[in-house]
Amino acid sequence: MIIQNFRELATTEKKKDCLEILEAGLRAADPKNIITKYVTPNEIKIKGKVINIEKYSNIYSVAFGKAGDSMTRALNAIMPIKSGIIVIPKGSKAKIKGKKFQIFNSRHPQPDKTSVKAAKEVMKFVQNKRSDELIIFLVSGGGSSLLAMPDEITLDDKIHVTNLLLKAGVTIQEFNCIRKHLSKIKGGKLIENMKCHGISLVMSDVEGDDLSSIASGTTYMDDTTYEDALEIIDKYKIRWKIPTEVLQILEKRLNEKRCETPKKAHIENYIIANNNDCLQAMHKKADEIGYKVSIMQIFGDIKEVVPKILENISDEQNTCLIFGGEPTVKVLGKGMGGRNQELVLRLLKNTQKAKKIVIASMGTDGIDGNSIFAGAITENIKVDLDVMKEFLKNSDSGRFFQKQKGNIITNFTHTNLMDIGMILR
């Protein structure tokens with residue numbers, strides 16, 4: 001089981017059903033069940049395009065993101081990879097071993113010195129390949145912080161800006177717009193001067209599968225500008241918190257077109273999996289168990305997401321509302337938790353008078369916010385409203401569910417297709 005504390009959490013039949021449906025969603029996010037749809041020992045076949053592997057003298061791989069190691073393992077099991085680089089989060093033990101892969105464990109969601117070292121090695125690796133060789137890039141969410149090459153600013157400044165944006169509740173697209181304009185590799189810069197052939201297989205962790213936002217479009221291109229980056233800073237009223245050197249770089253380059261990110265993709269990038277794959281697998285499992293299923297996607301501020309979910313809860317028995325996406329949360333306190341645990345807590349707070357339901361939400365990557373948990377599951381038990389409000393005020397949903405024994409534990413899942421959740425009645 002991917003959910004490690006499945007038995008401890010499955011205290012009722014409905015909770016067990018809920019956990020089985022979540023488990024089906026997590027299995028659908030496993031790269032070994034995804035890569036095989038597109039790759040054979042001789043070719044990559046995707047969206048009507050066929051890439052004949054045999055015409056290249058050597059095949060290499062460069063993987064970065066939360067699924068980097070598991071994507072590489074799945075690819076390497078099918079075709080002969082000569083060598084490669086894998087960049088995954090610190091604390092995540094690589095699922096593949098062997099001398100032909102150089103493995104970096106860098107920090108997420110803030111970059112660190114290993115992120116910079118990994119980025120330099122990847123850049124060197126990419127630029128040293130010949131015109132008759134092929135690099136298969138394996139990209140997944142989390143890559144933005146795992147590979148970092150700050151452009152004329154310090155790493156400390158980059159980390160400071162990252163922390164500001166995380167706390168401000170910006171969308172992933174807005175976050176990455178700013179990151180791309182402070183980087184030497186993002187927004188397609190990594191592969192801009194590459195001599196060899198390349199293809200990028202991408203697992204999406206953003207709304208609308210926006211290739212320019214996933215891992216900050218490192219192997220793609222960028223349709224945002226320095227002007228956009230400055231407008232985002234002003235939108236969230238954080239200009240006064242941004243280091244002077246960072247603002248100077250953005251303002252200086254505003255009118256220097258030569259410094260803009262690439263506006264055309266140098267190689268083909270393909271989405272091979274997204275959040276909907278998880279939701280459809282969950283739908284199938286819920287159907288098998290005997291629930292009447294509906295599906296919705298959730299994006300935007302969590303305070304706006306909660307009422308939308310509540311509106312979609314059916315009054316009928318044996319119904320399952322499945323939801324997926326990635327709401328944004330403004331961090332208010334210094335507690336422990338993440339957007340999934342906060343979502344479950346907010347839903348619990350708003351369903352105190354409802355008939356008995358089970359509520360669950362979790363991140364497919366296995367790590368929710370600054371906690372060690374993937375998410376939370378609960379029945380809408382009666383809890384003092386003031387107690388819940390206090391935990392929410394302190395951004396402390398993780399500790400609330402520790403007391404309720406409702407935290408979901410998976411540890412690193414080595415994948416990342418956003419969040420999944422449901423309400424069972």
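Structural remarks
- The lysine pair count for region 283-356, using Cα distances under 24 Å and pairs eight or more places apart or on different chains, is 23.
- Calculated mean residue ellipticity, 222 nm, the chain: -10000 deg cm²/dmol, from DSSP H runs (n ≥ 4) at -39500 (n - 2.57) each, averaged per residue and rounded to 500.
- Annotation note: GluC sites (Glu not before Pro) in region 230-323 located in DSSP loop regions with a Cβ neighbour count of at most 14 within 10 Å are GLU256, GLU316.
- Gain on full extension, evaluated as 0.36 nm per residue between ASN370 and LYS100 minus their Cα-Cα distance, stands at 93.9 nm.
- A Förster radius of 45 Å, combined with the Cβ-Cβ distance separating ASN318 from ASP234, puts the computed FRET efficiency at roughly 0.35.
- Size of electric dipole in region 266-371: Cβ of Lys, Arg +1 and of Asp, Glu -1, about Cα centre, debye, nearest 20: 580
- In degrees, nearest ten, helix 226-235 long axis to first principal axis of the chain (Cα): 20
- Within region 78-235: Cβ-based charge dipole about Cα centre, in debye rounded to nearest 20 (Lys, Arg +1; Asp, Glu -1): 1320
- Region 312-417 shape via C-alpha gyration tensor axes, a/c threshold 1.5: oblate
- Options VAL87, MET203, LEU332, ranked by Cα towards positive dipole end of the chain, top entry (Cβ charges): VAL87
- Residues listed by number, region 137-176, amide nitrogen under 17 Å from GLU251 label point at 7 Å toward C-beta: 153
- Centre separation in Å (Cα based) which lies between region 61-101 and region 217-285: 25
- Fluctuation leader among ARG107, ARG258, ARG346 - the chain, Gaussian network, Cα springs under 10 angstrom: ARG258
- Rolling a 1.4 Å probe over the heavy atoms of the protein chains gives region 316-412 an accessible area of 42 Å² per residue.
- Label-to-label distance for ASN411 and LYS47 is 3.6 nm, based on points extended 7 Å past Cα in the beta-carbon direction.
- Overall shape of the chain was characterised from the C-alpha gyration tensor. The equivalent ellipsoid obtained from it has semi-axes of 36, 27, 17 Å, in decreasing order.
- Applying the Karplus relation 6.51 cos²θ - 1.76 cosθ + 1.60 with θ = phi - 60° to region 175-181 yields 3J(HN,Hα) values of 3, 6, 4, 5, 4, 4, 8 Hz, where x marks Gly and Pro.
- Between LYS284 and LYS308, the simple spin-label model (points 7 angstrom out along Cα→Cβ) gives 2.6 nm.
- Student exercise, the chain dipole from Lys, Arg, Asp, Glu Cβ charges, in Debye to nearest 20: 1020
- Pairwise FRET efficiency - LYS113 versus ASP301, Cβ, R0 = 41 Å, nearest 0.05: 0.75
- For region 195-200, Karplus couplings with θ = phi - 60° (6.51, -1.76, 1.60), whole Hz, Gly/Pro x: 8, 7, 7, x, 9, 10
- Overall form of region 28-80 per C-alpha gyration tensor (a/c, 1.5; a/b vs b/c): oblate
- Region 285-362: C-alpha gyration tensor shape, a/c 1.5 cut-off, then a/b vs b/c: prolate
- Restricting region 354-404 to trypsin sites (Lys or Arg not before Pro) in coil, as DSSP defines it, with at most 11 other Cβ within 10 Å: LYS355, LYS382
- Extension gain from LEU155 to ARG7, taking 0.36 nm per residue of separation minus the Cα-Cα distance: 48.9 nm
The values are calculated or read from the model by the stated rules, or taken from the named source; none is laboratory data. If you're wondering where the values come from, they're calculated on a predicted model, not measured in any experiment. Using ideal geometry, Cβ is built from the backbone for each residue, glycine included, and neighbour counts are taken over all protein chains shown. What goes into the accessible areas is simple: the full protein's heavy atoms, side chains included, and nothing from ligands, DNA or RNA. Shrake-Rupley method; radii C 1.70, N 1.55, O 1.52, S 1.80 Å.
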